[in-house]
Amino acid sequence: MSSLRFAVLVPLVALAMAGCARPPKETELAAPVTATPAMARSYVALPEVTPRHVPRGTLAGRRLVVSSAAEIQLRPGEVILTFDDGPRKGSTESILGTLDAFNVKATFLMVGKMADSYPAVARSVADHGHSIGSHTYGHLNLAKASQEEAMADVYKGEAAVARALKGSGGALSPFFRFPYLAETGLVRASLGEQNLIVLGVQVDSQDYLKSSPQEVIDRTLARLDKRGSGIILFHDIHPVTAALLPEFLQALADRGYKVVQLVSRDPGPFGEDLVTASTQ
């Protein structure tokens, strides 16, 4: 890795804090998820879900191929589904089943430590045809870290996710999201130099709050309806998200929304470079 990547630069305070998940606790990064009786429905059963009245393919929109964040331009009625902080056994797998049932694709921004813990689940996400980006290694607040620490965690996360995906049907794409949506101008500039595509959030579900599945659905739909389109943030580590996703996707279909599949223009060489570097 070049010395440029780890150059210590003068900090720039350009913090953009917004609602993202709290950092996963150490126990959460290793322990499998178990549903509780309070859930609206068990996430274990979700892979068998069948849309009530949405014909297969109705909700699926166009395939948007991009090489920069500036190219992510959505039309009215279009959404991009994104899931942060996984993969995680149980909840991620249930979400994959639901997405399959509605025939839509999403973008998963994986935490490197989680990919190390559940590489088989990471590969399953790729094998289901979803786009996969990175979300640092340890969900570090990059705005509070030194430039060297921030970039080290970014690269370590990329390497871990790429390593987990090795042997799967997909490769790591250059999509990246800041934990907590907290960034500095210098870190963002460094990511740009490495051709990473930073994803923002227009509709935050806040599924990490203590809310019932219906409350999350209602809150997210209200924010989406107000905007008319946007990138939606969920977290695949939460059982509540797996529980509410069928109802949410059904509501999107009922409202006439289309789920856009976000794809990097050339993810293959990017992923292969990372895999090679991580195995040296």
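The values are calculated or read from the model by the stated rules, or taken from the named source; none is laboratory data. Owing to the predicted nature of the structure, the values given are computational and were not obtained by experimental measurement. Quick reminder, even Gly has a Cβ in these numbers, built from the backbone with ideal geometry, and neighbours come from all protein chains shown. Protein only, heavy atoms only, side chains kept; ligands, DNA and RNA dropped before computing areas. Shrake-Rupley method; radii C 1.70, N 1.55, O 1.52, S 1.80 Å.
Rolling a 1.4 Å probe over the protein heavy atoms of segment 58-119, with every protein chain left in place, gives an accessible area that is 50 percent carbon and sulfur.
Subtract the Cα-Cα distance of Gln202 and Ala69 from 0.36 nm times their separation in residues, and report this length gain in nm to one decimal. Write out the running numbers ahead of the final one.
On the way: separation 133, 0.36 × 133 = 47.88 nm, distance 1.33 nm.
Length gained, Gln202 through Ala69: 46.5 nm.
When +1 charges are put on Lys and Arg Cβ atoms and -1 charges on Asp and Glu Cβ atoms, the dipole computed for segment 177-266 relative to its Cα centre reaches about 220 debye.
How many Å² of accessible area per residue for segment 149-211, probe 1.4 Å?
I get 33 Å² per residue for this part.
Shown for segment 66-151 is the translational diffusion coefficient from the Stokes-Einstein equation, using the Kirkwood radius over Cα pairs, a temperature of 20 °C and a viscosity of 1.002 mPa s: 150 µm²/s.
Taking 0.36 nm per residue of separation and subtracting the Cα-Cα distance, full extension of the segment from Asp254 to Arg223 would add 9.5 nm. Note on segment 161-226: Cα convex hull, mean projected area over all directions, 6.9 nm².
Return the carbon/sulfur percentage of the accessible area of segment 193-273, one whole number, probe 1.4 Å, all protein chains in place.
On the way: 1410 of 3170 Å².
It is 44 percent, rounded to a whole number.
Near the amide H of Gly61, within less than 5 Å, lie the amide hydrogens of Val259, Val260, Gln261, all on another chain or at least 5 residues away, with H placed in the peptide plane.
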